[in-house]
Amino acid sequence: MKSVSFLAASALALASAQPVLARPVDRSTLDALMDKADAFDTGSDPKAGMVLYENAVAEAKRIYPAGHPAIAAARQGIAMAYAAQGKMDDAARVVAEIQPVLEKAGPAHLKALAGTYNVRGFIAHYRSNLDEALPAFSTSLAIERGLAKGRPTLDLAKALANLAGINWEAGKQEQTLALNAEAIAMGKALTPVPGDIAIWYANRAAYLHSLGRSDDAVSAAREGIAISETLLPKGHPAVSNLHANLGALLVRQGKPNTAVPYLRQAFEAIEAVNGAPNQNSAAMRAMMATALSDAGNYEQALAFLDQAIGVIEKQLGPESNRALQSQEVRALALMRLGRFDEALAGQQKVLEVRDRRLSAQHRDRMSGRGMLARIALAKGDLALAEKTMREGVALRTAAAPPQHPDLLAERALLLLVQSRASSRPRDEILADANDILARAKANVAANPAAELTIVARGTFQYLAEVYQRIGAVEVAFEAQQWTVRGSVDSAAALAAQRRAASRDPATAALFEQRRKLGAERASAMAAIEVQLASPKAGFDPAAANANLTRLDTEIARVDADLAARKIDAGQLPTVGLADARAQLAKGELFLQITPSYDRFIVTAVGPAATLQYVSTADLHAVQRTVARLRRALDPAAAAVPFDAAAAAELYRALVSPRLDKELRRTRHLQVSAHGALGAVPFALLAMDAKGSAFLTDRMAVTRLAGPPRRAAAAGSAPAALMFGIGATEAAGVPGGPSVRRGQVEGLDRLPPLPDAAGELAGIAGAVGAERPMILTGAAATESALANARIRPGTVLAFATHGLVSGEYEGLSEPALLLSPAGDDDGLLTASEIARLDLPASWVILSACNTAAGSGPDAPSLSGLAQAFILAGADTILATHWPVRDDIARAVTTGTLRHAAAGDAPANALRKAIAEVRKGPIEGAANPALWASFELVRP
């Protein structure tokens, strides 16, 4: 039978084997029965596997005497089948009877002995006995390594994967990742590649996510799907589970829209094979409901939950963990629909069951109180919200270290409730907020190259509002900056470390020491997370906390050593209000708008004063307005009147009367707006109720990646140097290399861009470039760009398709479509761009969606524009949605022409758009055609 991939092992010495002499017998029938049993997937049908092995045992007993190792070898399959059915006592009895026989049997039966130790380890793991499970799985792996003799084998790969799993539960995260990687590499080296690799990839994604490496987890899941779909039939549970895991990861990353198609594909495949929903597909439907709810589709979420909960409760019971989790999602959807009393009643029932069934140290008891508090807060019952949050924080404080991210987020939310209710003295709130902020910053500093998790981002968001409400404007502004810390900051931190390390071996040693400390800290935190998910009596929280404190102290010491060398370990360089004001000239205004819990925090900085407030508009209402506005801006909507009321509604939701007065005196607006607001060009907001006066009619607008760190209005005039690339051969060519390699589906359906070469020539003319370098067709490759020497001041222009992840299967990050050649796949991704040296004064991205991020869920500036900032570009002209060729050519060439004549970049774009709106191009007055363009600067 196919051995069941249970969990894991370590690596211990193998006891010496004693040879057993056997009389000559005819084994042909026994070998056939064993081959049939070994080929069967017992994990999918343990009872059928049991029958096959019982037949083999009967034949072994017929031809061999009692106590012969061949009988024990056949019974090893019986033990595994018992274990697969959950009959652990029966499995343990068989193992106890056959293990001594097999240990004395000699080399001929080592394979059965390895399987026996594997079952023994699985039984011990099932009984939560890691002390016995580790050596059992270790011995199984040691035997398999000896049998493999340096060659890749399926059983060795399975043993590696099992060992990875048990090491994870033992808190040995680095060993886990190494063993799991070895299992995957071995699986890929086998012919054929085993279907088990889907499970190993799913495990890897789970490991990485638990370590806070969410982007790496998503990449692992995507790679696993790409490989598994070529190995396993459509609807196979392993592939469906990978789709579901990827969907769940994306939901936890705050990307519910991107998650929906993966989750739908998962449960539809399971139900197509099964003929009806089962508990597995119902759990996937529950996660689908979570994604729909997070995306604002609450009625749909309830419909999915009503079906899923019935199946889960019937098969697992109404008090099962999955049933309670589904009821919690239902309460969230009811809350979003304003059905607060139903939501409160449902969540209180969930809490009652958990309080009765779970240990006080279990995380679900804590998070459940957080959910109840959120419902109470949405209803406006601040007293209930504060009472419930106090209970949850008390439970979490007793079970988790003070720097645990979930504890910090819950403490911050409690402070937010108290600041709204004015139920606690200001000085106490300030002191508590300062403590939370310091710990949250230290968590980020422990691994500055990692993405900010959704929990950590929430902590900074809540603190920004808390500080604003108690009048600590300066610290609120700092918290806002931490709130919008993005992938460009992470990549910049990593790049800074690499540059410093490359210059000095001693510095490199310090960074390596810091990396190891960070990995050890992540492992320690993951072990605590395992304890919170499944509390065990032997866990010592005081020792775990002391270990984390030690690691934080050592990291701080290494950072001090780096600081003494004048090297930044990669912290976020926040800017104070005074420094921000110093970058502004008369007539300029900087706006920082960030999400809070259910509102937006708005900080407006002028040359002489600062205005800061919490928006009155609900965050979810603003998100709905943004979605409505984006629908009106779809290129297909260019033939119908623009929804100007939505543009005016969004302006009123964000801009207070006092800020409105300041804006009417502003000539240049610099804005850093994130969350849903990253999907809308701010120049399009309408200042009057009728929507007839856009911001661009009154002022120039620049989108900034963060607060102004230098004079943003100045910019660089385009030099008479131009490097253009476009009119690629990949678009519209069925079966191009990118498609054939299975990397991204759908690229062959992209339309050609006939005016791309003309647009690049027009840009060269606009900047007066005498000898422009323009690469089109087969010459427009990644290698050509990477090998080009882009001189400072160059205008770098792309006239091609911009691709957004989530729109194309297999695309995990934004990319520009170039021509494939050799090893180049024709996809210039954001991460590849960020590693290039491109000190261009202007980057022209007149392709589709180049100001967009990684999909509809992405924060502002997480896409291609951000990557070019990291590569050294000064000014990026990008687009939010697909642009018509004639419009793109008119806006880009007009902008560069005005900039070359001396206009500041933002004003140059404003003039170019005004000319297009008033010019002869048909339909150009509709914002769906001209408003896509936005200027982005560091």
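The values are calculated or read from the model by the stated rules, or taken from the named source; none is laboratory data. Keep in mind that this is a model prediction, so the values were computed, not measured. Heads up, the Cβs are rebuilt from the backbone with ideal geometry, glycines too, and the neighbour counts pull from every protein chain shown. Heads up: the accessible areas ignore ligands, DNA and RNA and are worked out on the full protein's heavy atoms, side chains in. Shrake-Rupley method; radii C 1.70, N 1.55, O 1.52, S 1.80 Å.
For region 337-350, does any single residue satisfy the condition of being more than 29 Å from the chain's Cα centre (by Cα) and of a type in the set (V, I, T)?
Filtering region 337-350 for residues more than 29 Å from the chain's Cα centre (by Cα) gives 338-342, 344-346, 348-349.
From the residues that got through so far, the ones that are of a type in the set (V, I, T) too are none.
Looking for residues that are more than 29 Å from the chain's Cα centre (by Cα) and of a type in the set (V, I, T), one finds none in region 337-350, hence no.
Given region 312-390, what helices (runs of 4 or more DSSP H) lie entirely inside it while holding 2 or more residues that are free of Cβ contacts under 8 Å to residues at least 12 places away in the same chain, open to solvent by less than 70 Å² (accessible area, probe 1.4 Å) and not aromatic (F, W, Y)? I'd like the intermediate steps shown before the answer.
Numbers: elements: 321-336, 340-357, 363-379.
By residue number, 340-357.
Condition first: touching a residue at least 40 places away in the same chain (Cβ under 8 Å), assigned to a helix (DSSP H, G or I), under 26 Å from F539 (Cα atoms) and hydroxyl-bearing (S, T, Y). Can you find one or more residues in region 98-118 that meet it? No, there is no match, as no residue in region 98-118 is touching a residue at least 40 places away in the same chain (Cβ under 8 Å), assigned to a helix (DSSP H, G or I), under 26 Å from F539 (Cα atoms) and hydroxyl-bearing (S, T, Y).
Just checking, does region 187-195 include any residue being farther than 20 Å from L292 by Cβ and without any contact (Cβ under 8 Å) to a residue 12 or more places away in the chain? Yes, that holds for at least one residue.
Against the definition (within 30 Å of L551 (Cβ to Cβ), charged (D, E, K, R) and in contact with a His (Cβ under 9 Å, 6 or more places away or on another chain)), how does R396 come out, yes or no?
Values: within 30 Å of L551 (Cβ to Cβ): yes; charged (D, E, K, R): yes; in contact with a His (Cβ under 9 Å, 6 or more places away or on another chain): yes.
For R396, the condition - within 30 Å of L551 (Cβ to Cβ), charged (D, E, K, R) and in contact with a His (Cβ under 9 Å, 6 or more places away or on another chain) - is met.
Taken over region 75-95, the criterion of being more than 14 Å from N55 (Cα to Cα), part of a helix (DSSP H, G or I) and open to solvent by 40 Å² or more (accessible area, probe 1.4 Å) is satisfied by Y82, D89, D90, R93.
If you go through region 425-456 and pick out every residue that is part of a helix (DSSP H, G or I) and either surrounded by fewer than 20 Cβ atoms within 10 Å (Cβ to Cβ) or without any contact (Cβ under 8 Å) to a residue 60 or more places away in the chain (or both), you end up with 22.
Considering only region 629-636, I want to know if a residue exists there that is assigned to a helix (DSSP H, G or I), in contact (Cβ under 8 Å) with a residue 40 or more places away in the chain, loosely packed, with under 14 Cβ neighbours inside 10 Å and not assigned by the TED database to the domain that holds R515. The answer is no; no qualifying residue exists. Inspection of region 597-613 identifies no residue that is in a helix (DSSP H, G or I), farther than 28 Å from E922 by Cβ and of a type in the set (S, T, N, Q). Only one of the numbered conditions (1) modelled with pLDDT under 90; (2) more than 24 Å from I887 (Cα to Cα) is not met by I601, and that is (1).
Given the criteria buried (at least 19 other Cβ atoms within 10 Å of the Cβ), in a helix (DSSP H, G or I) and touching a Pro at 6+ places or on another chain (Cβ under 6 Å), does H125 qualify?
On the way: buried (at least 19 other Cβ atoms within 10 Å of the Cβ): yes; in a helix (DSSP H, G or I): yes; touching a Pro at 6+ places or on another chain (Cβ under 6 Å): no.
For H125, the condition - buried (at least 19 other Cβ atoms within 10 Å of the Cβ), in a helix (DSSP H, G or I) and touching a Pro at 6+ places or on another chain (Cβ under 6 Å) - is not met.
The listed residues are A901, A912, A906, and the only one of them that is free of Cβ contacts under 8 Å to residues at least 24 places away in the same chain and in contact with a Leu (Cβ under 9 Å, 6 or more places away or on another chain) turns out to be A912. Tallying residues that are under 20 Å from L249 (Cβ atoms) and open to solvent by less than 10 Å² (accessible area, probe 1.4 Å) within region 287-311 yields 7.
Could you tell me whether L669 is at pLDDT 65 or above, assigned to a helix (DSSP H, G or I) and touching a Leu at 6+ places or on another chain (Cβ under 9 Å)? Write out each step before concluding.
Values: at pLDDT 65 or above: yes; assigned to a helix (DSSP H, G or I): no; touching a Leu at 6+ places or on another chain (Cβ under 9 Å): yes.
In short, no.
Before we move on, is A409 out of contact with any helix residue (DSSP H, G or I) (no Cβ under 8 Å at 6 or more places or on another chain), open to solvent by 10 Å² or more (accessible area, probe 1.4 Å) and not charged (D, E, K, R)? Reasoning before the result, please.
On the way: out of contact with any helix residue (DSSP H, G or I) (no Cβ under 8 Å at 6 or more places or on another chain): no; open to solvent by 10 Å² or more (accessible area, probe 1.4 Å): yes; not charged (D, E, K, R): yes.
When the stated conditions are applied, A409 does not pass them.
From the list L796, L785, L775, L760, the one residue that fits, being in contact with a strand residue (DSSP E or B) (Cβ under 7 Å, 6 or more places away or on another chain) and open to solvent by 10 Å² or more (accessible area, probe 1.4 Å), is L775.
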